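*Asks:* Here you go, one structure.
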Amino acid sequence: MNLRRLSFVLAVLVVTLMSTGAAFAQAWRGGGRVSGVVTDAGGKAIKGAKVTLVSIRSGNTGPAPLTTDAKGKWSLLGVIGGSWNIDVDAPGYIIKKGTIEVNEAAMNPPVKTVLEPEPVQAPQPEQPAELANTVPPEAVESVRKGENLMKQAEGQVIEGEVTMSMPPAKPTEEQKKELYKQAIAEFEKAQALLPDNLQIKQALAQAYYKAGDIKQSVALLQKVYDAEPTNTGVLLLLINLLLENGQLDQGKALLDKVPAGTMTDPTALINLGILFMNKSRLDDAWTYFDKAVTLDPNRGESYYYRGLASLQNKKMAEAKADFQKVVQLAPDSSEANDAKDLLKQMK
């Protein structure tokens, strides 16, 4: 098995497995629609460009890559709102990466992507034949087994199965634990053979997370981030895991490293604020809830928690204004119901 084959297996693995939420398989499904067009610098449509979309809010899950039509257009129905990472790639062009915001309650403007041509490079000397097949086939097989075990734990169709009209049976919680344990063993075999491969580390981190071992998952993602400090997707994923694991100060330190304009989903900010509030650090909590409001002023949840922080600090006017905003933005939400009760008590 050669390097190209392993890269293909690992690419599929990362797209289908890596996530931080409790539900992964279809967590990106929702009521929104997003579309776009891909052109070159001269405005000419690029047919056959690959568009990969990954929802940050759903825990880095997403659909299979899309392909642009003859007019360079693509579209996707049934997606959740929030921030999505988008990669656009086409033969002969430099890959374009970015982040878009999807609103389920409104029409989203088309995403316009302009690809630049790849620079012409001098031909490279041919490698010796013995270097063309340096990836151990055992590593490829372990990755494949690990991927299939993870799919089986989620009740998905695994590679090589002949499916009928009935979907595969969902495993019990005990069966899931055993399947995740076996997946960890397979990914660890692959990592032993390819210790520097970051995609295997990500897959192993996912398996540990699903098995309930957040500490190991965090340790592996930290190694990936240390090797790729410019990978904002991994950084945000690591922050959420640190906060979920109660590592408040570490999560805060990394959150402060997120490049300006990169974060469009306030979830991590809200989570950090909640942790501060649980530790009675109300001023710190208010600061991060305020950042969440600034980042997404249309998200009622952020106002709700900022209002709670103000209320506990006995800043009644500020709290009342935030609770009223929650009711205005999301009148049917659980936060709005709580806000209404609190407003009655504040009269």
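*Asks:* Sort out which residues of region 189-205 are outside any loop (DSSP other than H, G, I, E, B) and more than 14 Å from Ala219 (Cα to Cα), and write them in order of number.
*Replies:* The answer is Lys189, Ala190, Gln191, Ala192, Leu193, Gln199.
*Asks:* If you go through region 312-324 one residue at a time, do you hit one that is within 29 Å of Leu238 (Cα to Cα), free of Cβ contacts under 8 Å to residues at least 60 places away in the same chain and outside the structural domain of Thr232 (by TED's automatic domain parsing)?
*Replies:* No - not one qualifying residue is present in region 312-324.
*Asks:* Any residue at all in region 211-233 that's touching a residue at least 60 places away in the same chain (Cβ under 8 Å) and among the hydrophobic types (A, V, I, L, M, F, W, C)?
*Replies:* No, every residue in region 211-233 fails to be touching a residue at least 60 places away in the same chain (Cβ under 8 Å) and among the hydrophobic types (A, V, I, L, M, F, W, C).
*Asks:* Kindly indicate which of Leu308, Leu272 is over 30 Å from Pro171 (Cβ atoms), surrounded by 23 or more Cβ atoms within 10 Å (Cβ to Cβ) and under 20 Å from the mean Cα position of the chain (by Cα).
*Replies:* Being over 30 Å from Pro171 (Cβ atoms), surrounded by 23 or more Cβ atoms within 10 Å (Cβ to Cβ) and under 20 Å from the mean Cα position of the chain (by Cα) holds for just one of Leu308, Leu272, which is Leu272.
*Asks:* Also, quick follow-up: Can you name every residue in region 75-93 that is part of a strand (DSSP E or B) and either surrounded by fewer than 18 Cβ atoms within 10 Å (Cβ to Cβ) or more than 21 Å from the chain's Cα centre (by Cα) (or both)?
*Replies:* Across region 75-93, the qualifying residues are Ser75, Leu77, Gly78, Asp87, Asp89, Tyr93.
*Asks:* Moving on to the next point. If the requirement is being within 21 Å of Leu235 (Cβ to Cβ) and in contact with a helix residue (DSSP H, G or I) (Cβ under 9 Å, 6 or more places away or on another chain), which of these qualifies: Leu343, Leu275?
*Replies:* Only one candidate passes the filter, namely Leu275.
*Asks:* Tally the residues that are under 16 Å from Lys97 (Cα atoms) and in a loop (DSSP other than H, G, I, E, B), restricting the search to region 47-67.
*Replies:* The number of residues fulfilling the criteria is 5.
Per-residue answers, yes or no, for (1) more than 14 Å from the chain's Cα centre (by Cα); (2) at pLDDT 90 or above:
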| residue | (1), (2) |
| --- | --- |
| Ala192 | yes, yes |
| Gln199 | yes, no |
| Ala211 | yes, no |
| Leu220 | yes, yes |
| Lys223 | yes, yes |
| Glu228 | yes, no |
| Thr232 | no, no |
| Leu236 | no, no |
| Ile239 | no, no |
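*Asks:* Return yes or no: is Lys340 more than 21 Å from Arg57 (Cα to Cα), among the charged types (D, E, K, R) and modelled with pLDDT under 90?
*Replies:* No.
*Asks:* List pairs: first residue in region 36-60 and in contact (Cβ under 8 Å) with a residue 60 or more places away in the chain and more than 30 Å from Ala203 (Cα to Cα), second residue among the small types (Gly, Ala, Ser) and not in a loop (DSSP other than H, G, I, E, B) anywhere in the structure, Cβ distance under 6 angstrom, at least six positions apart or on different chains.
*Replies:* Thr39/Ala45
*Asks:* Further, regarding this structure: Hey, any hits in region 314-334 for a residue that's surrounded by fewer than 19 Cβ atoms within 10 Å (Cβ to Cβ) and hydroxyl-bearing (Ser, Thr, Tyr)?
*Replies:* yes
The values are calculated or read from the model by the stated rules, or taken from the named source; none is laboratory data. From a predicted model like this one, the values you see are computed outputs, not experimental measurements. As a convention, Cβ positions derive from the backbone with ideal geometry for all residues, glycine included, and neighbour counts pool all protein chains shown.
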